[in-house]
1. Would the stretch 19-27 turn up any residue that is of a type in the set (Phe, Trp, Tyr), part of a strand (DSSP E or B) and in contact with a strand residue (DSSP E or B) (Cβ under 9 Å, 6 or more places away or on another chain)?
2. For residue 193, which of the numbered conditions (1) more than 28 Å from residue 65 (Cβ to Cβ); (2) open to solvent by less than 60 Å² (accessible area, probe 1.4 Å); (3) not in a helix (DSSP H, G or I) fails to hold?
3. Quick one: which of 241, 234 is modelled with pLDDT of 95 or more and open to solvent by 40 Å² or more (accessible area, probe 1.4 Å)?
4. Would you mind stating whether residue 105 is of a type in the set (D, E, K, R), in contact with a strand residue (DSSP E or B) (Cβ under 6 Å, 6 or more places away or on another chain), more than 19 Å from residue 66 (Cα to Cα) and surrounded by fewer than 19 Cβ atoms within 10 Å (Cβ to Cβ)?
5. Return the total of residues in the stretch 87-102 being in contact (Cβ under 8 Å) with a residue 12 or more places away in the chain and open to solvent by 40 Å² or more (accessible area, probe 1.4 Å).
6. Just a yes or no: is a residue in the stretch 150-171 closer than 27 Å to residue 7 by Cα and either open to solvent by 70 Å² or more (accessible area, probe 1.4 Å) or not in a helix (DSSP H, G or I) (or both)?
7. Exactly one of (1) more than 29 Å from residue 13 (Cβ to Cβ); (2) in contact (Cβ under 8 Å) with a residue 60 or more places away in the chain is unmet by residue 112. Its number?
8. Can you work out which of the residues in the stretch 35-52 that are assigned to a loop (DSSP other than H, G, I, E, B) and modelled with pLDDT of 95 or more is surrounded by the most Cβ atoms within 10 Å (Cβ to Cβ)?
Amino acid sequence: MPLLSEYDLSGQVAILATSGGDEAPFLAQALAEAGASIFPVARNQSNLAAVLNTLPAGSPGATVDRISLAAVISVMEQFDRAYDRVDILVNDARSIYAAPFADIRETHWDEIQARNAKLPFLLCQQVLPRMAAREYGRVVNLISELAERGMINGSAFAASQAALLSLTRSLAVEWGRHNIRVNALGTCWIDTENQPLEIQQEELLVRYTPLRRKGRPEDIGPLLVYLCSEACDYTTGQAVYVDGGLNAHP
């Protein structure tokens, strides 16, 4: 994508944490094309490899074997062996779960909240003080538009997204004095397989979307780069949606 000079991320180091969505490799690629060095963090080796395959050979990364403070500290120790600073944290915490409310087991609820809310919380807790010490940082939390909407069979997932949105706003208020910007990038349904438009429009949700198509990775890449850049200087605590107008729909 064409890169404006004010969005240049050259020399900056980004941690990209993903719960395993198909969009993570495209997010990493967008940041790398803007000049950032990427340290991916993923739930398992397969998800990590998918991101690393988009980055220069030999790029470091880490897996989180369990979502706990000890595991996140271990990840940061691995990060410290590769880099001496962190400028950007991107939390791609949108692990999907759908079930009727009455059928949600306690273990399922705990797992989806841990993946989508607890892991970003723990990473922010480790990264924000490092950013504050340098008086600079950018945090972007990827969220679903269900953070502000309800959906049948979506209560557990939506609750995790609402928690992350609320965390975003609170961190923006608390850490703004350290020149740290914390924002949320909201998305809906992203097509990573280049489906023909006529096939997409066979699906009810696509026909319900004002722009009548799914999103593409290139729809969110430029905005992600902006939110991670120095140009994003007077925007914090905001949820910016790239969802084809779905969140504006009654």
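The values are calculated or read from the model by the stated rules, or taken from the named source; none is laboratory data. Computed from a predicted model, the values in this text were never measured in an experiment. Virtual Cβ from ideal backbone geometry, glycine too; neighbours counted across all protein chains shown. For accessibility, only protein heavy atoms count, side chains too; no ligands or nucleic acids. Shrake-Rupley method; radii C 1.70, N 1.55, O 1.52, S 1.80 Å.
1. Scanning the stretch 19-27, I find no residue that is of a type in the set (Phe, Trp, Tyr), part of a strand (DSSP E or B) and in contact with a strand residue (DSSP E or B) (Cβ under 9 Å, 6 or more places away or on another chain), so the answer is no.
2. (2)
3. When all the criteria are applied, what remains is 234.
4. So residue 105 fails the test.
5. Residues that pass the stated criteria total 5.
6. Yes: the stretch 150-171 contains one or more residues that are closer than 27 Å to residue 7 by Cα and either open to solvent by 70 Å² or more (accessible area, probe 1.4 Å) or not in a helix (DSSP H, G or I) (or both).
7. (2)
8. Among residues in the stretch 35-52 that are assigned to a loop (DSSP other than H, G, I, E, B) and modelled with pLDDT of 95 or more, the one surrounded by the most Cβ atoms within 10 Å (Cβ to Cβ) is 36.
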